[in-house]
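Encoded as structure tokens, the structure appears first; notes follow it.
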Amino acid sequence: MKTTISVIKADVGSIPGHVKVPEELLEIAEKSLKVATQKGIIKSYHVTNCGDDLELIMSHDKGEDNPKIHELAWETFKKAAALAKKRKYYGAGQDLLVEAFSGNVRGMGPGVAEFEIEERPSEPIIVLMCDKTSPSAFNLPFYKIFADPFNTAGLVIDSKIHGGFRFEVHDIKEGKRIFLNCPEEIYDLLALIGLSSRYAIKRVFRRDGVVAAVASTERLSFIAGKYVGKDDPVAITRAQSGFPAVGEILEAFAFPQLVPGWMRGSHRGPLMPVSREEARPTRFDGPPRIMAYGFQVCEGELIGPVDLFGDPSFDLARQQAIEVSEYIRRHGPFEPHLLSPEELEYTTLPEVIKKLKDRFEPIKK
Ligand code: F6R
Ligand code: MG
Ligand code: MG
């Protein structure tokens, strides 16, 4: 049987500042999805948050990009944003960039990761949720999970995945995409995805064409034309028998790689794997976080979640993230803690520099 998993997220208000989704907003979302389940629009759901991002994890039989599902998410965010406004929560309605819904939340502010799958006899999936970073945060870990045998033992020792995976990479500036087969085209893949501010891995497929993972790649700044908060991406991956194991997927996050985001979306900082309890970015509005929720999908029902980074074996990654934070923070307003000028294009910095434009004079030779 076919099941669609849709993870749709938005920042619609938080407490205090950009730290965390208030309980009463989570309750509104919970109620909205409960009613939708009773009406048969979705089959099953889980509402959570990663920092200031409200996450709607839903299962249904309506396929990807379904207007009913997207409308449900949009209306749910709208209701939560209305309460956020009334209660003066911070950044109320921040990610809802347009007034009226027009069939699909893509391009309207929320982030979306969805896939339709043929349920296997047992279907473990992992939902990955980030705060204070951008879609490029998945490039390095997805490479490790699906193409690096030093991360994923199965690429070497399991004939079911020994053939490798196929990557769909998006040029998020030009709005184009390319498919690359690995391991044959690993170097070509790396040539693109290493430039993570421009190229983002959208999907990964098994070599037989079956989907293995999908990430949200919406760039809020490209949609709004100015800085409106970071994109705080989400992703879904399938695990086990024919896909990387749960532990091979999580292993990629034991290295707290540097990602763009953090304070004012303008700094590089380590991506810290955390449980939901610890998805509360407070130091310099960060450092960036990632949560992983594990589910078993059973005839459209989401059984779970298990909060996968709530495990002491990720303590060292967290400790390293803290040490890297301490080190990189000492650069203050200097690169490479500060992002490059191209990456800062949509932030508040160009306006400050503009003020000085007329005071520049030619240097005499
Ligand atoms: C990063 C983020 C925060 C804000 C910062 C300033 O994604 O949301 O770091 O950019 O707190 O916020 P404003 O401009 O709303 O005062
Ligand atoms: Mg916010
Ligand atoms: Mg956020």
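The values are calculated or read from the model by the stated rules, or taken from the named source; none is laboratory data. Bear in mind that the values here come from a model prediction, so they are computed numbers and not experimental data. Cβ: placed from backbone, ideal geometry, glycine included. Neighbour counts: every protein chain shown. Quick note on the areas: whole protein, heavy atoms, side chains included, nothing else; ligands and nucleic acids left out. Shrake-Rupley method; radii C 1.70, N 1.55, O 1.52, S 1.80 Å.
Quick one: if the Förster radius is 30 Å, what FRET efficiency do Q320 and Y90 give, using the C-beta to C-beta distance and rounding to 0.05? Calculated transfer efficiency: 0.50.
For the pair the stretch 56-86 and the stretch 224-289, the centres of their Cα atoms are 23 angstrom apart.
Per residue of the chain, what 222 nm ellipticity follows from adding -39500 (n - 2.57) for every DSSP H run with n ≥ 4, rounded to the nearest 500?
-7000 deg cm²/dmol
On the chain, 55 percent of the accessible area sits on carbon and sulfur atoms, based on a 1.4 Å probe. Each Lys or Arg adds one and each Asp or Glu takes one away; over the other residues whose Cβ falls under 10 Å from the Cβ of F295, this sums to -2.
Phi angles across the stretch 180-192 convert, under the Karplus curve 6.51 cos²θ - 1.76 cosθ + 1.60 with θ = phi - 60°, into 3J(HN,Hα) values of 10, 8, 10, x, 3, 10, 4, 5, 5, 4, 5, 4, 8 Hz, Gly and Pro given as x. With the highest mean first, a sort of the peptides 346-352, 43-49 on other beta-carbon atoms found within 10 angstrom per residue produces 43-49, 346-352. Residue ranges 353-362, 168-177 sort as 168-177, 353-362 when ordered by packing (mean number of other C-beta atoms within 10 Å per residue, highest first). Look at where the Cα atoms of the stretch 105-121 and of the stretch 136-215 average out, and the two centres are 18 Å apart. Heavy atoms of the protein chains alone define the surface here; on that basis the stretch 56-208 has 44 Å² accessible area per residue at 1.4 Å probe size. The local environment of I172, defined by Cβ-Cβ distances under 12 Å, has a net charge of +2 under the rule Lys, Arg +1 and Asp, Glu -1. Charge dipole (Cα centre; +1 on Lys/Arg Cβ, -1 on Asp/Glu Cβ; no other charges) of the chain amounts to roughly 1200 debye.
Residues within the reach of a label modelled at T348 (point 7 angstrom out along Cα to beta-carbon, backbone nitrogen below 17 Å), restricted to the stretch 253-268, are 261-268.
With the simple spin-label model, which puts each label point 7 Å out from Cα in the Cβ direction, the A153 to S102 separation comes to 5.2 nm. Three principal axis extents describe the C-alpha atoms of the stretch 98-198; from largest down they are 52, 37, 25 Å. Each peptide among 87-99, 53-65 gets the average number of other Cβ atoms lying within 10 Å of its residues, and from highest to lowest they stand as 53-65, 87-99. Couplings 3J(HN,Hα) for the stretch 322-331, derived from phi with the Karplus relation 6.51 cos²θ - 1.76 cosθ + 1.60 (θ = phi - 60°), are 5, 5, 5, 4, 4, 5, 6, 4, 5, 6 Hz, where x marks Gly and Pro. Summing charges over neighbours of K144, with a neighbour being any other residue whose Cβ is under 11 Å away from its Cβ, gives -3 when K and R count +1 and D and E count -1. Note on the chain: dipole from Cβ charges, positive end direction compared against G175, M272, P336; the farthest Cα belongs to P336.
Between the beta carbons of E64 and L356, assuming R0 = 41 Å, the FRET efficiency works out to 0.30 to the nearest 0.05. When the charge dipole of the chain is built from unit charges on Cβ atoms (+1 for Lys and Arg, -1 for Asp and Glu) and taken about the Cα centre, the candidate among G109, L308, P141 whose Cα reaches farthest toward its positive end is G109. Projecting the Cα atoms of N66, G154, P288 onto the charge dipole of the chain, computed from C-beta unit charges around the Cα centre, puts P288 farthest toward the positive end.
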